[in-house]
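A.B. asks: The structure that follows is given in the form of structure tokens.
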Amino acid sequence: SKEDEVILERNGMKNSVLHDLPEWLIKWTANTLIFAEYEKKELKTQFLAQKDALGKSLYDDMGAELESRGVLENRKQNIVITLNKIRNWLTYTNTSEDSSKPDLKNRVPPVRRLSSQEVADNLWNKEDSRVL
């Protein structure tokens, strides 16, 4: 979506990182960045609220901004590393007939939503269920 493109662009996720990745993975990247941006904003607030034993603020506005930005940048690095690992996994678990040129764009997600019955079976009904 256009909103995803704006988020990806704002966070420096360009074609070199996203090239040939499936739409579901690009969407995951945008959603993860939305959370990382939210976390940055909340961390800054939390840093500004921290006080020492005498009640003096531990961070000024600039310090809180730098600390929270550092966390965001670390999250972005980890997202790129994760995308690279997923790209490799998708490439080496290629199911197309022409394995020399894997079609990453059209790969289905490696997980699927469970039905209500499957959830109940896994949690309650099966002999090796989580509850029993």
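The values are calculated or read from the model by the stated rules, or taken from the named source; none is laboratory data. Just so you know, these numbers come straight off a predicted model, no measurement behind them. Note: ideal-geometry Cβ built from the backbone for every residue, glycine included; neighbour counts use all protein chains shown. With ligands, DNA and RNA removed, areas are computed over all heavy atoms of the protein, side chains included. Shrake-Rupley method; radii C 1.70, N 1.55, O 1.52, S 1.80 Å.
A.B. asks: Answer yes or no as to whether Lys44 is open to solvent by less than 60 Å² (accessible area, probe 1.4 Å) and among the basic types (Lys, Arg).
C.D. replies: Taking the combined requirement at face value, the residue satisfies it.
A.B. asks: I've got another one for you. Within region 4-23, how many residues are under 13 Å from Ile34 (Cβ atoms) and crowded, with 16+ Cβ neighbours inside 10 Å?
C.D. replies: 5
A.B. asks: Identify the single condition in (1) at pLDDT 80 or above; (2) surrounded by 10 or more Cβ atoms within 10 Å (Cβ to Cβ); (3) in a loop (DSSP other than H, G, I, E, B); (4) not charged (D, E, K, R) that Ala120 does not satisfy, given that it satisfies every other one.
C.D. replies: Just one mismatch for Ala120, condition (3).
A.B. asks: Which residues, counting only those in region 74-96, are open to solvent by 80 Å² or more (accessible area, probe 1.4 Å), over 15 Å from Ala30 (Cα atoms) and among the charged types (D, E, K, R)?
C.D. replies: Listed by number, the list holds a single entry, Lys85.
A.B. asks: Hey, another quick one. State whether the residues of region 57-72 include one that is modelled with pLDDT of 90 or more, open to solvent by less than 90 Å² (accessible area, probe 1.4 Å) and not in a helix (DSSP H, G or I).
C.D. replies: yes
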